[in-house]
Every structure is written in C-alpha cells, then in structure tokens.
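Here, each number is a calculation from the coordinates, and none is a lab measurement. Nothing here was measured: the structure is a model prediction, and the numbers come from that model. As a convention, Cβ positions derive from the backbone with ideal geometry for all residues, glycine included, and neighbour counts pool all protein chains shown.
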Amino acid sequence: MSTHYTSLAIDDPTKLVFGHAPNPFTLRRGMVLGGGLVYPEINFTLPPMLIEAGTMNKVCTEYRQMITGVLKRAAELESPGVLVEFETLPPMTEHPDWGMQIVNILLDAMEEAHAKDGLASALRMTPNDNREMVRPPQMRSGIYWEGMLELFDRSAAAGAELLSIESVGGKELHDDALTMGDMQGSIFGLSVLGARDMKFLWTHIVEIAKRHGVHAAGDTACGFGNTAMVLAEQKMIPRVFAAVVRAVTAVRSLVAYECGAVGPGKDCGYENPILKAITGFPMSMEGKCASCAHFSPMGNLAAACCDTWSNESIQNVKLLGGMAPTMSMEQLIYDCRLMNVALGEGPKEVLKLRDWFVASDDSLDPQAYILRPDCCVQLAQAIISKDTPYTAARHVGLTAIDILRQAHADKSLKLSDRELPWLDTMTDTIQEMPDDENVLAQQVIATTEPGRFLPAEYGLTS
Amino acid sequence: MANLNALTEFIKSGNRSKATKLTQEALDAGEVPQGILDAMVVGMDVVGERFKCNEIFVPEMLIAARAMKEAMAILEPALVKTGYKPIATAVIGTVQGDLHDIGKNLVSMMWKGASFNVVDLGVNVPAEKFVAAIKEHNATLVGLSALLTTTMPAMQTVMDAIRAEDFVGVKVLIGGAPITQNYADQIGADAFAADAASAVDAARKLLAN
Ligand code: B12
C-alpha cells in the first residue's frame, strides 16, 4: 500500500514555517511534533576507539556518560522536551546485541531523567545501513539486511518511538556521478535505483513500526545530497551542481512517506522543507549547530521550516565548557528557545524570524537559495506534477536550474563565472535523457562494469 | 618531430581523442617513450595545480586524468620495452570497517596522474590484504584512508602488520577527515596529507628520502 501525492499539504510559502506542521503528532511523553514548539534533537558519537566484544564495556561507559550529560543539561535549562537520536556505528548494527545494549542505556537514562526532573524525551533509532559492506551491495537479503531489521524490531519493542535510517540504495553509482559532474548518473542513482530501494526498504520499516505501535519517521538522501554539499564546500564540484542534486534528492526521500512514514524526516535531509510542503509532516533539520560534523552554506536558513533542530553528531571529547555533546545540547536548546518565543508571539513574528533566517543565507550560495520556502513550494509542485520518481526527478532538476538562472539574472543570487556554464550543461543533459526510465536503465546496465551494482537487487532485469 | 607541447595541452584540456592520436604519432616518429610520458605528466601537474588554486573542479580534473589514462595505454608497451619502471608502485585502500572512498579515490587518481603505478584495494580492506598486496606488487608506497573515528584504530592494525614484515623502503602515508599529523606520529606512519593534491607532494617527498 502506498500513497502517491498529487497535491501539496502546504502550497502557500508563508505557511511553510518552523514549529508548525499540518500533520503533527504526539509522542508518549506528550511532546507534540509540529504542534507549535521546536524541540532540540541531540545526536552523539564515540571518540576514536575500536568497537568489538572486548571494548563494549568502554563503549557503553561512553554512551552512559554522553546521555547523562546531555539530559542533565536539558533539565537544567528547562527544555520542554528532547529528542535523542541514536545513529549506530556499523558494528552495532552488524551485532544487534551490541546495538541493543546501548539502546537500553539510553532509554534507562531517559526514564530516569523523567522520573527525577520531569524531563520529557523520546528516542529516534537510526540503524546504519550496512548493506553495502559487501560489494556489489546486496540490498534485499543477507546478514546485513537481517541485522538491520532485527535492530529496528528490537529497539522499537524496547521503546524507541521513531524509526529512521540514512539508506544507501543507488549510491554505488551515485558517488561516481558526483565526482564526474554527471547529472544523468545522479538522476539515475536517486530516482531509478534509489526510489526502488526506498520502496522496498520502507515497506519493511513501516511494517515494523506498526507492529510495535511506534512511528516510521523518515529517511534522508545524505549519502547523495550531503556528499555533494561537502564536495562543493571543498570546492571539488560546482555549487550549482550540488544545489540541483539537492532538489532531486527530495524525490528519493519522498518515497518513505509514500510508504507510510510520518516524520520527522531525518535531520541531515536538507531537502526536508520540500517534503514538508508535500506531506505536511513535521521535519527535523540541522544547520549551524551541525558544523561539529560537517560544514554547510545554510546554517541559519536550514532552521526556517524545522520542527526539531539537530546537531547531526558530535564526538565525546572534552572542551573547556564541558563534554562536547553537552555543549551541543546547550546550543540547540538556546536556538529552540528563540524559535519558541517567536512561536509564542504569533504568526507574524514567526514569519519575521523565519525570513531573517532565510535572508541571512540565501543570496550567498545556490544550495541555500534553492531551499528558500518559496523555492521549496515551487520544487514540491514540480515533483507532484509528475507520476513517477524518474519523471519527477528530471522535472524538479530543470525547475531548480530555472530558479537559479532567474535568481542570478535578477541579482538575488551571486554565482561565480566558473559556475555559470554548468547551468547549461545540466539543462542539456537532463533534456537529452531518455523519456523511458527502462531505456536508461538498460543503457546504464550495458555501460557499467559488471560488479558495480546488481540490477536484480533493484527489481531491474538486464 | 611530434609536438610534445601539444600533447601536454591535450592532456590539460582532457581531449582524449587528440591526446591518444598524438601519442601514437609521437611513437611512430620515434620519440623517446620517457619524453612522451614526461609531456603528459607535466600536463597533469598543471591540472593538479589549477585544481589546488580553485581554478577547476574535480570533474574537469577527471576528464584530464581519463585522457592521460587512454594515452598511457598506447604508450605503455613501448615504455615497458625500454625497461621503464614507474616512479613507484603504490597500494591504497580504505581500512577495515570503513566504506568512505571518495577521498581515497581522488588520492588514487592524483597519484596515477603523477605516473605512479597504483593498486587500489577498494574499501573495508583488512590488514592482511594490504600486506599481501605490498608483497605481490613490490609496492614502496602505501596509502591508508579512514573517515570514521571508530576505524582509525584499524590504521594502527595495518601499521603493525606492515612493520611486522621486513619490508625495505615501504613508506606509509595516511589521510581522511579525522586524521592528523599527530595521529600519524602516534601509529608510526611516515606521513599524513590533508588532501589529494598535497598527497602527491607528500608521496614524492617520502620516496625521495
Ligand atoms: C560522504 C559521507 C558518507 C557517504 C560515503 C560515500 C563514499 N562513497 O565515500 C556515506 C553516506 C556512505 C557515509 C556513510 C557513513 N558515514 Co559518513 N560521511 C560522509 C561525509 C559527509 C563526507 C566524506 C567525504 O566524502 N568527503 C569528501 C572527500 C573528498 O573528503 P575526505 O574523505 O576527507 O578526503 C580528502 C582528505 O581527507 C584526504 N584523504 C582521504 N583519504 C586519504 C588517504 C590518503 C592516503 C591521503 C594521503 C589523503 C586522504 O584527501 C581527500 C581529498 O582531498 C563525512 C563528513 C566529514 N566531515 O567528513 C561523513 C562522516 C565521516 N560519516 C560519518 C558516519 C557516522 C557515517 C556512518 C556510520 C553513518 C551511518 N550511521 O550510517 C556510515 C558509515 C559507513 C561505513 N561503514 O564507513 C561520520 C563519522 C562519525 C565518526 N564517529 O567518526 C561523519 C564525520 C559525519 C557525521 N555524522 O558526523 N558517509
């Protein structure tokens, strides 16, 4: 069973704001996501160390220290609630017992903080996608697939209320497309391979969530859009290329909601505002507080439409102020306080703060510009006007290029000279692609060295 | 006389068909293979330099690398006949448990452009595989990449395995976002390089010692 969106939940850009989603929902401790408050979402990870049977005690000690520290600070600062994300590292998904040891540590600490300080919290569980540990990746069976499903299932049973993943389907061809500046390869990876894998994967995740009465939250095209963003940030690929890739990632991430996910979409999905416009579900976002994990050109703008505000990930190292995750928690809470004051004042103030977030970043980078709320609605419209992910991807790609071209022409966006020719190159590439995705798939299968990807794992026959 | 300056230019602009055609012409005209190779390497060095100065993007650099690769395929048999040995054979890979490879691939490409013979072992590579490859290919340069704080210790494992063998003159260069010179010192690696362009300079320096 899957929905195909044909209309927008938010078609008025002034309604695409932080803190409010047309389809909010309530977590067990009473936190309402998308219901008028923005909550901090904290994520943390290990300092340099090995994860194996012999070090698991130490690993657990690190996580206990991190969760206790962040919850204590959240209680001291009287945060109205906290979302905790546990994004596993590969061995923790490969050995679900190890992953579960940590899940239980987190849940126990969250329970205790509630009992002691009345702090509301919920756990988002994000098993990492290990399916590409074998090359070519095996997407639909095997030990990595099994381990991942087991960890979803057991963590949901234990009390994780939101299920997420950064899935990798299609990435095995997309990485090269990025470094080659190949828009056709990017669209193929995202909307043909990626969308097919998403449908398969999210049908399973939604089923697990239903079984345990928890929420299938959402995915992110991190390995696609954020890889592009990091490469652009390092001046390896053009920013306009990364911006167009970002627009196309929304097509892939949308599939989770079509399969029954309800948000909040995962923090590092910078494409989430487009998905909020389409689905009306709450979304998590990250920006300036995530520079502990990677840089971005939209530290403020990313907050414009968020319902939870995240730090992506931070290592447990000591800083002058205290441990890094605790520092990160504090930063997120202050950002949320500001947004929540605006929400308390009313729609006009919300819009004013939102527009300041936007105006502080949008003219400086095409990747930021493309995610202005008005552009997001335009891109969302382009996506739902088409019937299949592939046709939607090509259309949204062209729409994004038009938006950038227009913005450059009217001087609301500054593009450097060496970026400009890429707009035409991308347009030509997208226009020349075959109309039928099966024709493209056969072309790709015929020209890709065997062993790079397995067509059958994506339901394609060669 | 074939125009080797033009070959340099065709590599720089990534013109595959002209670069391969000119390589063949140069060989037919009796140019010394080493001279033809040098003309290509000069071209790639310029491309690397332009990239370092933010004048071009990776896709443009890769186009040049492809032109060089195809021209090399024509040149190689003649080079080998002259007893030519590449400056070095390098083994490179992302360490066990880690799947990040974009950075590693760029380093690998730059090394090829500097006319090293590069054996790329891919991702998630266990220590034994590095050691076996060094032996098999008589490598003198090893590149290790890690992007996760939790796979950095796997670099130590590879270093231990390499040092346990009595390889002569094998230099190890490491890199990846969380890696620092300090960490290289700590695990006994020969050097650290922060990006793909400086990985060429660092490798040349190591090999010269
Ligand atoms: C892209 C990316 C991915 C992509 C990788 C795609 C690919 N094919 O490589 C995907 C989505 C698959 C991915 C997966 C994961 N990732 Co990741 N990823 C990144 C990201 C955003 C960018 C890395 C990148 O490609 N940079 C661009 C390249 C060009 O730069 P580079 O790799 O640094 O390489 C340059 C230099 O370092 C150097 N260099 C690199 N290697 C070498 C080698 C030698 C010999 C030399 C001399 C130099 C050198 O030269 C390169 C070129 O200039 C980083 C963020 C960051 N800050 O790095 C996170 C990051 C590394 N990932 C992270 C995580 C957690 C993961 C996952 C565990 C996520 C999950 N839970 O699913 C998985 C792990 C998979 C695995 N087993 O390895 C974390 C690591 C946290 C930690 N504890 O260490 C980071 C820091 C992001 C974060 N969340 O904070 N990731």
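Once the gyration tensor of the Cα atoms in segment B:4-81 is diagonalised, the equivalent ellipsoid follows with semi-axes of 22, 11, 10 Å, ordered largest first. Around the amide H of A:Phe25, modelled in the peptide plane, lie the amide H atoms of A:Leu33, all under 5 Å away and 5 or more residues distant in sequence or on another chain.
What list do you get for A:Tyr334, A:Tyr369 if you sort them by fewest beta carbons within 10 Å?
Numbers: A:Tyr334 12, A:Tyr369 28.
In increasing order of surrounding Cβ atoms, one gets A:Tyr334, A:Tyr369.
Spacing of the modelled spin labels on A:Asp387 and B:Arg204, each 7 Å from Cα toward Cβ, amounts to 5.8 nm. For segment A:1-155, the fraction of alpha-carbon pairs lying more than 23 Å apart is 51 percent, rounded to a whole number.
Partner aspartates and glutamates whose Cα lies under 13 Å from the Cα of B:Lys18, excluding those fewer than 8 positions away in the same chain, are identified as B:Glu9, B:Glu70. Highest-first packing order for the peptide set A:32-38, B:176-182, A:97-103 is A:32-38, A:97-103, B:176-182, based on the mean count of other beta carbon atoms within 10 Å. Sequentially through segment A:47-54, phi angles give Karplus couplings (6.51, -1.76, 1.60; θ = phi - 60°) of x, x, 6, 8, 10, 8, 3, x Hz, Gly and Pro residues having no value and appearing as x. Per-peptide packing, taken as the mean over residues of other Cβ atoms within 10 Å, places A:315-324, B:40-49, B:150-159 in the sequence B:150-159, B:40-49, A:315-324 from highest down.
Straight-line cross-link reach from B:Lys135 at under 16 Å between alpha-carbon atoms covers these lysines, not counting any fewer than eight positions away in the same chain: B:Lys171.
Take chain A and mark each of the GluC sites (Glu not before Pro) that is in a DSSP loop with at most 16 other Cβ atoms within 10 Å; the longest unmarked stretch, sites excluded, is A:79-462.
When B:Ile56, A:Ile165, B:Ile134 are arranged by Cβ crowding within 10 Å, least crowded first, meaning fewest neighbours, the order is B:Ile56, B:Ile134, A:Ile165.
So if R0 is 60 Å, what FRET efficiency would A:Asp355 and B:Asp28 give, r being the distance between their Cβ atoms, rounded to the nearest 0.05? Mind showing how you got there, number by number?
On the way: r = 67 Å, r/R0 = 1.12.
That pair, A:Asp355 with B:Asp28, gives E of 0.35.
When A:Val168, B:Val91 are sorted by how many other C-beta atoms sit within 10 angstrom of their C-beta, beginning with the fewest, the order is A:Val168, B:Val91.
Annotation: amide H of B:Val142 within the under-5 Å range of B:Val91, B:Lys171, B:Val172, B:Leu173, sequence separation 5 or more or interchain, hydrogens built in the peptide plane. Counting Lys +1, Arg +1, Asp -1, Glu -1, what net charge surrounds B:Glu25 among other residues with beta carbon under 13 Å of its beta carbon? Net charge around B:Glu25: 0. Loop-located trypsin sites (Lys or Arg not before Pro) in segment A:381-423 (DSSP state other than H, G, I, E, B) with a sparse environment of at most 12 neighbouring Cβ atoms within 10 Å: A:Lys411.
Full extension from A:Ser416 to A:Tyr5: what is 0.36 nm times the residue separation minus their Cα-Cα distance, to one decimal in nm?
Numbers: separation 411, 0.36 × 411 = 147.96 nm, distance 3.65 nm.
Going from the current span to full extension adds 144.3 nm.
For B:Gln181 and B:Ala161, the FRET efficiency from 1/(1 + (r/R0)^6), where r spans their Cβ atoms and R0 equals 22 Å, is about 0.50. Against the main long axis of the alpha-carbon atoms of chain B, helix B:16-28 sits at an angle near 70°.
Computed 3J(HN,Hα) for segment B:153-168, one whole-Hz value per residue from the Karplus formula 6.51 cos²θ - 1.76 cosθ + 1.60 where θ = phi - 60°, is x, 5, 5, 4, 4, 5, 4, 4, 5, 5, 5, 6, 8, 9, 5, 9, glycine and proline marked x.
Computed from Cα positions, the angle between helix B:102-113 and the longest principal axis of chain B comes to roughly 40 degrees.
Less than 5 angstrom separates the built amide H of B:Val118 from those of B:Ala90, all sequence-distant by 5 or more or on a different chain.
Evaluate the relative contact order of chain A (contact order divided by residue number), counting alpha-carbon pairs under 8 angstrom at least 6 apart; express in whole percent. Once divided by the residue count of chain A, the mean separation gives 21 percent.
For segment A:27-49, the residues whose amide N sits under 20 Å from a probe point set 7 Å from the Cα of A:Glu76 along the beta carbon direction are A:40-45. Size estimate for segment B:89-208 follows the Kirkwood approach: the inverse of mean 1/r over distinct Cα pairs works out to 13.6 Å.
Between rounded, prolate and oblate, where does segment A:13-458 land on the alpha carbon gyration tensor, with a ≥ b ≥ c its root eigenvalues, rounded for a/c under 1.5, else prolate if a/b exceeds b/c?
Values: a/c = 1.73, a/b = 1.23, b/c = 1.41.
It is oblate, given that a/c is not under 1.5 and a/b is not larger than b/c.
Stretching B:Val168 away from B:Lys21 to a fully extended chain increases their span by 48.9 nm, per 0.36 nm per residue minus the current alpha-carbon distance.
Past 22 Å, Cα to Cα: identify those pairs from A:Lys235/A:Lys414; A:Lys15/A:Lys414; B:Lys69/B:Lys104; A:Lys276/A:Lys414; A:Lys411/B:Lys12, in the order given.
Pairs exceeding the cut-off: A:Lys15/A:Lys414; A:Lys276/A:Lys414; A:Lys411/B:Lys12.
With a cut-off of 10 Å between beta carbons, the residues surrounding B:Ala39 carry a summed charge of -3, where Lys and Arg count +1 and Asp and Glu -1. Listed values for segment A:254-268 are Karplus-derived 3J(HN,Hα) couplings in whole Hz (6.51 cos²θ - 1.76 cosθ + 1.60, θ = phi - 60°), namely 4, 4, 4, 6, 4, 8, x, 5, 10, x, x, x, 5, 3, 7, and x replaces Gly and Pro. Going by a ≥ b ≥ c, the root eigenvalues of the Cα gyration tensor, does segment A:343-444 fall in the rounded group (a/c under 1.5), the prolate group (a/b larger than b/c) or the oblate group? Judged from the Cα gyration tensor, segment A:343-444 comes out oblate (a/c at least 1.5, b/c at or above a/b).
The angle between the Cα long axis of helix B:196-208 and the longest principal axis of the Cα atoms of chain B comes to about 90 degrees, rounded to the nearest 10. On a per residue basis, the convex hull of the C-alpha atoms belonging to chain B measures out at 113 Å³.
Calculated on C-alpha atoms, the gyration radius of segment A:111-266 divided by its Kirkwood radius gives an Rg/Rh of 1.03.
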